[in-house]
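*Asks:* Just dropping this structure here.
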Amino acid sequence: MTTREIFDTMDYGPAPEGATEALDWIATRGPAFGHFIDGGFTRPGETFATRNPATGRELAQITQGTAADVDAAVAAASRAFPKWAKLSCHARAKYLYALARLLQKHARLFAVLETLDNGKPIREARDIDVPLAQRHFYHHAGLAQLRDAEMPGMEPVGVCGQVIPWNFPLLMLAWKIAPALAAGNTVVLKPAEYTSLTALLFAQICQEAGLPKGVVNIVTGDGRTGEAIVTHPGTAKIAFTGSTAVGRRIREQTAGMGKSLTLELGGKSPYIVFDDADLDSAIEGLVDAIWFNQGQVCCAGSRLLVQEGIAEDFYARLKARMAKLRVGDPLDKCIDVGALVDPVQHQAITRMVDANTEGETWRAPVALPETGCFYPPTLITGLSPAAPLMQEEIFGPVLVATTFRTPAEAVELANNTRYGLAATVWTENLNLALDVAPKLAAGVVWVNATNLFDAAAPFGGVRESGFGREGGWEGLSAYLKPSAKRAALKPVVPFPEPATPDAPGLDRTAKMYVGGKQARPDGGYSRPVWSKRGKLLGHAGIGNRKDIRNAVEAARGASGWAKATAHNRAQVLYYIGENLSARAGEFAARIRDLTGCTAARAEAEVEASIDRLFTYGAWADKMDGRVANVPIRGVALAMREPVGVIGALAPDDAPLLGAVSLMAPAIAMGNRVVLVPSAAYPLAATDLYQVLDTSDVPGGVVNIVTGDPQELGATLAAHLDVEALWSFAGGVDAAKLEAASAGNLKRTWVNRSAPDWFGADAEGRPFLEQATEVKTIWVPYGE
Ligand code: NAI
């Protein structure tokens with residue numbers, strides 16, 4: 001045999017990882033498992049089987065959590081909360097550190113158990129899932145230690161309900177539990193029904209670490225158990241990772257319950273290859289993008305966009321590489337692609353792919369095991385942009401591909417999706433990569449790499465991929481709330497028409513302010529606004545759906561504001577302040593008339609409004625992102641981007657200051673707003689039109705629609721071109737607003753209480769965080 005022949009015929013021998021210890025663990029601790037509640041394991045209740053998807057063999061019996069189980073877990077977490085929250089940062093940090101150490105100690109057992117239960121290649125469980133889970137706890141031990149020093153004025157939210165999927169069972173548990181505990185919360189977590197075992201092993205290490213009982217509770221079961229956690233009145237925050245359909249349902253179900261919510265949902269992430277890319281690296285990247293974990297990855301690079309000139313060459317190289325992927329026994333260390341999680345998932349993928357009638361489907365000619373949930377690596381080319389397989393998440397080892405000609409076309413195709421989780425860009429041209437990255441609608445962008453994750457780097461999506469970030473300081477802040485006392489918002493009733501009204505003077509009907517112009521209310525109705533003493537102050541238009549739609553359209557049209565320099569936005573804010581200052585007396589008189597307050601208070605409100613405009617002029621170019629220090633060759637730039645179009649319902653109690661307190665942070669960060677002023681005292685905001693006109697605010701950046709905040713708010717909440725809804729209006733039905741927002745899964749900030757608008761708590765970071773979205777851009781850097 002020649003050396004050449006040896007190379008040509010050489011193959012990997014089997015290198016199976018032993019499963020004995022893991023199976024022994026199951027046999028000893030199970031084989032039927034109960035929940036982990038209040039520091040101990042409960043007796044198994046009604047159970048279902050969890051199986052090894054590679055063989056179909058039953059591994060263990062898992063308890064289906066009932067409403068009573070969830071009650072018990074939430075009660076345990078609530079009892080544990082006060083003491084855990086009061087511990088010193090250092091004490092909590094030590095527990096997180098102990099958990100990290102124990103995860104490390106039992107790394108092999110965790111990896112094998114994960115592979116058995118989930119079907120992922122042992123190489124991935126061993127080298128990715130488990131080390132990243134450890135890193136998460138180590139990093140969060142640090143965040144716990146530094147919490148008070150770095151995030152003063154914040155406190156934990158309470159009991160966190162956490163529901164996770166089956167694709168990264170231990171890693172998603174780490175992403176959920178580590179920040180919750182570091183912030184000082186307690187948790188009730190439900191693993192996915194297909195993959196509960198590593199969560200139960202984690203429960204055991206919570207015992208080994210001596211974690212106080214009730215701090216971590218694990219309740220197993222299917223979607224019904226998840227629903228009981230999500231809707232339980234005792235959970236203050238819900239963190240969910242899973243499908244967009246369930247995420248939307250959770251948004252609707254929790255509407256009005258006052259829970260904070262973060263959703264990490266599906267994606268259809270583009271993988272863009274420009275013609276100057278290092279093609280072999282891009283091919284290897286693609287293997288990690290779509291065949292990592294059998295493609296069951298929320299941020300999988302599942303949509304290949306390749307520049308036309310290299311497409312044929314690229315597809316040929318790709319097919320050659322796909323033909324060499326080794327599909328088979330996940331416990332074999334030489335395997336690239338393991339088993340899908342369950343026959344249900346296999347059927348779903350098969351159904352989707354078989355229903356496709358377009359393009360060309362190519363399946364890698366690789367040997368598949370005869371039994372078990374295996375699916376061949378598949379490439380589908382020549383689909384139209386609207387084809388279901390180009391738009392829908394397949395969540396399997398199936399890559400769809402199309403071509404583009406120019407960078408602009410690549411961006412257009414990339415963004416042609418309802419999702420916005422991740423994107424990958426391959427090019428050797430630094431200018432091109434950094435030109436394209438900010439234009440992609442995605443929470444994470446990888447440059448010349450893919451599927452990189454780290455505890456220090458925020459992760460999460462935009463659009464229907466959900467909201468909120470996990471990882472780093474940004475992820476920690478999702479588990480904290482301001483500790484300052486706030487007063488409950490109450491509806492303010494406008495002053496009534498007096499028994500003997502003044503003779504009407506000149507008609508002074510304030511119009512709407514849309515696209516930089518005053519516009520009559522579409523419905524043609526207005527209402528009189530009376531002073532406390534019964535003086536007719538003017539009329540305010542009653543806005544309707546059409547007015548809101550016009551305002552949103554104008555706001556969308558003003559997208560150039562997002563690209564204005566921060567310096568320029570700062571200048572505009574200072575200018576608004578300056579022009580308001582020039583008319584301070586007039587505004588003070590108006591506030592006094594409207595609210596019946598003292599002259600001193602009215603003057604103070606105008607002064608505070610000018611001050612606030614200056615604050616956000618100052619912040620405009622200072623709300624920097626950060627560079628996350630990740631242990632992979634490169635850095636992760638956590639960039640702060642504007643959210644987009646924000647609908648804002650202003651408070652009543654300080655009608656000018658309240659409106660300014662919402663408008664100013666929004667526009668400082670590059671958003672456009674549709675502002676609904678106080679219904680009781682609308683004229684303080686409508687007087688702003690002239691100030692805005694004379695302050696170089698581009699038309700459409702600020703739009704003002706007066707009327708009923710409930711009705712206008714509901715229209716804003718349901719509007720698919722509005723990215724966020726903020727409310728500080730008294731008396732609105734939060735449940736209706738939040739439920740209506742589920743359509744495009746917009747970010748909501750519907751408050752039931754408010755800070756003192758004159759105080760320092762009514763400005764700064766909490767507002768700026770709501771006004772920005774973090775985009776994490778991973779770029780190669782250093783050796
Ligand atoms: P799923 O979204 O139904 O399951 C995720 C978790 O939510 C599981 O723990 C499940 O028990 C729980 N759950 C289900 N219904 C619930 C409800 N009404 N209330 C509260 N919790 C509930 O995902 P599933 O059915 O396992 O997979 C279906 C599809 O979802 C996949 O094919 C994939 O397209 C997508 N998916 C996306 C994930 C991601 O990370 N983006 C993860 C898992 C699934």
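The values are calculated or read from the model by the stated rules, or taken from the named source; none is laboratory data. These numbers come from a predicted model, not from an experiment. Quick reminder, even Gly has a Cβ in these numbers, built from the backbone with ideal geometry, and neighbours come from all protein chains shown.
*Asks:* Thr55: at pLDDT 95 or above, crowded, with 20+ Cβ neighbours inside 10 Å and farther than 30 Å from Glu155 by Cα, yes or no?
*Replies:* No: the conditions fail for Thr55.
*Asks:* Another question, if that's okay. Could you run through the stretch 687-709 and say how many residues are in contact with a Lys or Arg (Cβ under 9 Å, 6 or more places away or on another chain) and either closer than 15 Å to Leu662 by Cα or modelled with pLDDT under 95 (or both)?
*Replies:* Matching residues across the stretch 687-709 total 3.
*Asks:* Hey, another quick one. Would a scan of the stretch 395-412 turn up a residue that is out of contact with any Asp or Glu (no Cβ under 8 Å at 6 or more places or on another chain), within 22 Å of Ile128 (Cβ to Cβ), small (Gly, Ala, Ser) and crowded, with 16+ Cβ neighbours inside 10 Å?
*Replies:* Within the stretch 395-412, one or more residues are out of contact with any Asp or Glu (no Cβ under 8 Å at 6 or more places or on another chain), within 22 Å of Ile128 (Cβ to Cβ), small (Gly, Ala, Ser) and crowded, with 16+ Cβ neighbours inside 10 Å.
*Asks:* Please specify each residue of the stretch 311-328 satisfying the condition of being in contact with a Phe, Trp or Tyr (Cβ under 7 Å, 6 or more places away or on another chain) and assigned to a helix (DSSP H, G or I).
*Replies:* Result: Lys319, single match.
*Asks:* Sticking with this one: Which condition number in (1) closer than 22 Å to Gly382 by Cα; (2) surrounded by 22 or more Cβ atoms within 10 Å (Cβ to Cβ); (3) not small (Gly, Ala, Ser) is the one that Glu264 fails?
*Replies:* That leaves (1) as the condition not met.
*Asks:* State whether one or more residues within the stretch 383-391 are surrounded by 21 or more Cβ atoms within 10 Å (Cβ to Cβ), in contact (Cβ under 8 Å) with a residue 40 or more places away in the chain and touching a Ser or Thr at 6+ places or on another chain (Cβ under 6 Å).
*Replies:* For the stretch 383-391, residues surrounded by 21 or more Cβ atoms within 10 Å (Cβ to Cβ), in contact (Cβ under 8 Å) with a residue 40 or more places away in the chain and touching a Ser or Thr at 6+ places or on another chain (Cβ under 6 Å): absent.
*Asks:* Going by the structure shown, is Glu763 among the charged types (D, E, K, R), over 15 Å from Glu474 (Cα atoms) and touching a Phe, Trp or Tyr at 6+ places or on another chain (Cβ under 8 Å)?
*Replies:* yes
*Asks:* Another question, then. Which of the strands (runs of 3 or more DSSP E) found entirely inside the stretch 611-730 contain at least 1 residues meeting this: surrounded by 22 or more Cβ atoms within 10 Å (Cβ to Cβ) and either hydroxyl-bearing (Ser, Thr, Tyr) or touching a residue at least 60 places away in the same chain (Cβ under 8 Å) (or both)?
*Replies:* 635-642, 645-649, 672-676, 702-704, 724-727
*Asks:* Look at Ala49 and say whether it is part of a strand (DSSP E or B) and more than 32 Å from the chain's Cα centre (by Cα).
*Replies:* Here the answer is yes, as Ala49 does meet what is asked.
*Asks:* What single numbered condition from (1) touching a residue at least 24 places away in the same chain (Cβ under 8 Å); (2) within 28 Å of Met322 (Cα to Cα) fails to hold for Glu409?
*Replies:* Only one criterion is unmet by Glu409, namely (1).
Results for (1) under 30 Å from Asp624 (Cβ atoms); (2) at pLDDT 95 or above, shown as yes or no for each residue.
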| position | (1), (2) |
| --- | --- |
| Tyr513 | no, yes |
| Ala519 | no, yes |
| Trp530 | no, no |
| Gly534 | no, no |
| Lys563 | yes, yes |
| Arg569 | yes, yes |
| Gly577 | yes, yes |
| Gly596 | no, yes |
| Ala602 | no, yes |
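*Asks:* Go through the stretch 56-84 and give me each residue that's in contact with a helix residue (DSSP H, G or I) (Cβ under 9 Å, 6 or more places away or on another chain) and over 19 Å from His35 (Cα atoms).
*Replies:* Gly56, Trp84
*Asks:* Return yes or no: is Ser196 of a type in the set (S, T, N, Q), surrounded by 24 or more Cβ atoms within 10 Å (Cβ to Cβ) and in contact (Cβ under 8 Å) with a residue 12 or more places away in the chain?
*Replies:* In short, yes.
*Asks:* Taking the residues in the stretch 372-415 that are more than 25 Å from the chain's Cα centre (by Cα) and on the phi > 0 side of the Ramachandran plot as candidates, determine which candidate is farthest from the ligand (Cβ to nearest atom).
*Replies:* It comes out as Gly382.
*Asks:* Something else: Just one of Ala484, Ala422 is surrounded by fewer than 22 Cβ atoms within 10 Å (Cβ to Cβ), over 11 Å from the mean Cα position of the chain (by Cα) and either within 25 Å of Asp148 (Cα to Cα) or not basic (Lys, Arg) (or both); which is it?
*Replies:* Answer to the check: Ala484.
*Asks:* Within the stretch 2-16, can you find the residues that are surrounded by 10 or more Cβ atoms within 10 Å (Cβ to Cβ) and of a type in the set (A, V, I, L, M)?
*Replies:* Ala15
*Asks:* Enumerate the pairs (first residue in the stretch 240-257 and under 14 Å from Glu464 (Cα atoms); second residue anywhere and surrounded by fewer than 17 Cβ atoms within 10 Å (Cβ to Cβ)) with beta-carbon separation below 8 Å, excluding pairs fewer than 6 apart on the same chain, so at least 6 apart or on different chains.
*Replies:* Val246/Gly223
Yes or no, residue by residue, for (1) part of a loop (DSSP other than H, G, I, E, B); (2) crowded, with 21+ Cβ neighbours inside 10 Å; (3) of a type outside the set (Gly, Ala, Ser); (4) touching a helix residue (DSSP H, G or I) at 6+ places or on another chain (Cβ under 6 Å):
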{"position": "Asn744", "(1), (2), (3), (4)": "yes, no, yes, no"}
{"position": "Thr748", "(1), (2), (3), (4)": "no, yes, yes, yes"}
{"position": "Trp757", "(1), (2), (3), (4)": "yes, yes, yes, yes"}
{"position": "Asp761", "(1), (2), (3), (4)": "no, no, yes, no"}
{"position": "Phe767", "(1), (2), (3), (4)": "no, yes, yes, yes"}
{"position": "Glu773", "(1), (2), (3), (4)": "no, yes, yes, no"}
{"position": "Thr776", "(1), (2), (3), (4)": "no, yes, yes, no"}
{"position": "Tyr781", "(1), (2), (3), (4)": "yes, no, yes, no"}
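*Asks:* In addition: So, Ala510, is that one among the hydrophobic types (A, V, I, L, M, F, W, C), under 30 Å from Ile238 (Cα atoms) and more than 16 Å from the chain's Cα centre (by Cα) or not?
*Replies:* no
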